[in-house]
Amino acid sequence: MVAVAYGVVALSIVLAVIRVLRPGRLADRVVGLDVTLWGLISLIAINAAATGNANFEDIPLIVALLGVLGTVTAAIWLESRGPRS
């Protein structure tokens, strides 16, 4: 069951990285990086749950807080640029 969870999360990370690398709008790339970050957080949490190792329980929380801060900062910056013609 853990292998299936790893596979699904890894697939989502690969698809998000493809979205980041494709040419497009900057907002799409920010969302792709955010999805990639959440996928990595999920992999850390799955590993902690599968191994029963409590040492990794705080890491996803810290990384998630930093990721949300980065996404909000990027959204504010993109919004301040105004509409592009």
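The values are calculated or read from the model by the stated rules, or taken from the named source; none is laboratory data. Values in this document were obtained by computation on a predicted structure and should not be read as measured data. Reconstructed Cβ throughout: ideal geometry from the backbone, glycine too, with neighbour counts over all protein chains shown.
Rundown of residues vs (1) in contact with a Pro (Cβ under 6 Å, 6 or more places away or on another chain); (2) within 24 Å of Met1 (Cβ to Cβ); (3) polar (S, T, N, Q), yes/no style:
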{"position": "Leu15", "(1), (2), (3)": "no, yes, no"}
{"position": "Leu26", "(1), (2), (3)": "no, no, no"}
{"position": "Val31", "(1), (2), (3)": "no, no, no"}
{"position": "Ala48", "(1), (2), (3)": "no, yes, no"}
{"position": "Asn55", "(1), (2), (3)": "no, yes, yes"}
{"position": "Asp58", "(1), (2), (3)": "no, no, no"}
{"position": "Ile62", "(1), (2), (3)": "no, no, no"}
{"position": "Ala74", "(1), (2), (3)": "no, no, no"}
{"position": "Glu79", "(1), (2), (3)": "no, no, no"}
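Of the residues Val8, Val14, Val35, the single one that is over 30 Å from Glu79 (Cα atoms), of a type in the set (Val, Ile, Thr), part of a helix (DSSP H, G or I) and modelled with pLDDT of 90 or more is Val8. Working only within region 40-59, note down all residues that are of a type outside the set (Val, Ile, Thr), surrounded by 11 or more Cβ atoms within 10 Å (Cβ to Cβ), assigned to a helix (DSSP H, G or I) and over 11 Å from the mean Cα position of the chain (by Cα). Of everything in region 40-59, those that are of a type outside the set (Val, Ile, Thr), surrounded by 11 or more Cβ atoms within 10 Å (Cβ to Cβ), assigned to a helix (DSSP H, G or I) and over 11 Å from the mean Cα position of the chain (by Cα) turn out to be Ala45, Asn47, Ala48, Ala49, Ala50, Phe56. The selection criterion, being among the β-branched types (Val, Ile, Thr) and modelled with pLDDT under 85, holds for Ile59.
Taken together, Gly82, Gly70 contain a single residue that is surrounded by 13 or more Cβ atoms within 10 Å (Cβ to Cβ) and either at pLDDT 85 or above or not in a helix (DSSP H, G or I) (or both), which is Gly70.
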